[in-house]
Every structure is written in structure tokens, then in C-alpha cells.
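The values are calculated or read from the model by the stated rules, or taken from the named source; none is laboratory data. Quantities reported herein were computed from a predicted structural model and do not represent experimental measurements. Don't worry about glycine lacking a Cβ; one is built from the backbone with ideal geometry, like all the others, and counts go over all protein chains shown. Note: areas computed on protein heavy atoms with side chains; ligands, DNA, RNA excluded. Shrake-Rupley method; radii C 1.70, N 1.55, O 1.52, S 1.80 Å.
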Amino acid sequence: MDDRYQVQDITVDRTNGVTVEFGDGFVHVYGLLELRLNCPCAGCRGDRDQGRDPWPKPSSPLPLAIRDAELHGAWGLGLEWNDGHNTGIFPWDALRRWADEGEPHFVPDSGRGA
């Protein structure tokens with residue numbers, strides 16, 4: 001696999017975002033709000049497809065924060081948000097393309113199905 005899609009280090013700052021160091025030494029910071037608004041799960045994609053932001057909802061706690069983070073094998077990162085949402089999985093290759101191209105592109109199956 002291309003070193004650009006391998007991950008060397010991940011730093012999760014619960015109130016600011018996620019920093020990923022890729023295998024080729026490239027480092028990118030993904031901001032908290034941009035991660036939440038671009039969650040790749042089916043529910044959030046559906047909201048965006050219908051012209052709605054997936055966050056905040058009327059019951060969303062403020063400020064936004066990451067409650068937990070979990071590696072999914074060698075291919076991605078799952079985030080649990082302080083509103084309880086936890087179904088999106090951010091694949092490393094998609095995160096790298098996002099960093100390189102300046103916008104997210106996730107495949108339809110980037111979620112836990114819940």
C-alpha cells in the first residue's frame with residue numbers, strides 16, 4: 001500500500017479535532033466542526049443529500065466535542081461525539097484524499113450500519 005495512506009500517528013484533541021501523520025510524513029489537522037459536518041455515515045450523508053447539516057440538531061449539546069475515538073482495524077478511525085452519534089468511520093485513504101484535495105470524499109459504506 002502507498003505510504004500516503006498508511007498512518008504513523010494520530011492525536012485526538014477532544015475539543016479541537018484530529019491530527020493525522022501519514023506514512024510519508026505528511027501531517028494534517030482535521031477540525032472538529034469539519035469532521036462532524038462531514039461524518040461519512042449513511043444518516044449524515046442522507047442529511048447532506050437533503051440539504052440539511054447533520055449537526056447541530058435541536059437537542060445537540062454545545063459546544064461540540066469528541067467523547068471517544070476508536071481504531072477500526074488498519075483502515076480507519078471511528079469517532080463518538082458528545083451528542084452520542086458514533087456511526088461514522090473515517091477511512092485513512094479518504095482522510096488523505098480529503099487533505100490532498102481540500103474536500104471530503106467518502107464511499108457509501110463508511111459507517112457501522114446503526
Inter-site label distance for Gln8 and Asp68 at 7 Å from Cα along Cβ, in nm: 3.0 nm
Pick from Pro104, Pro63, Pro91: which is most flexible by mean-square fluctuation in a GNM of the chain where alpha carbon atoms under 10 Å apart are linked? Pro63
Shape call for the range 1-49 from the C-alpha gyration tensor, a ≥ b ≥ c root eigenvalues: rounded (a/c under 1.5), prolate (a/b greater than b/c) or oblate? oblate
Positive-pole candidate from Ala42, Gly23, Val12, dipole of the chain, charges at beta carbon: Ala42
Tell me, which cysteines of the chain are without a disulfide-compatible partner by the Cβ under 4.7 Å rule? Cys41
Using just the alpha carbons, could you tell me how many Å³ per residue the convex hull of the range 20-114 encloses? 100 Å³
Rounded to the nearest 500, what is the 222 nm mean residue ellipticity of the chain from helices alone, with -39500 (n - 2.57) per DSSP H run of 4+ residues and division by all residues? -5500 deg cm²/dmol
Tilt of helix 92-101 relative to the longest C-alpha principal axis of the chain, in degrees (0 to 90, nearest 10)? 90 degrees
Tell me, what is the per residue accessible area of the range 22-114 in Å², probe radius 1.4 Å? 51 Å²
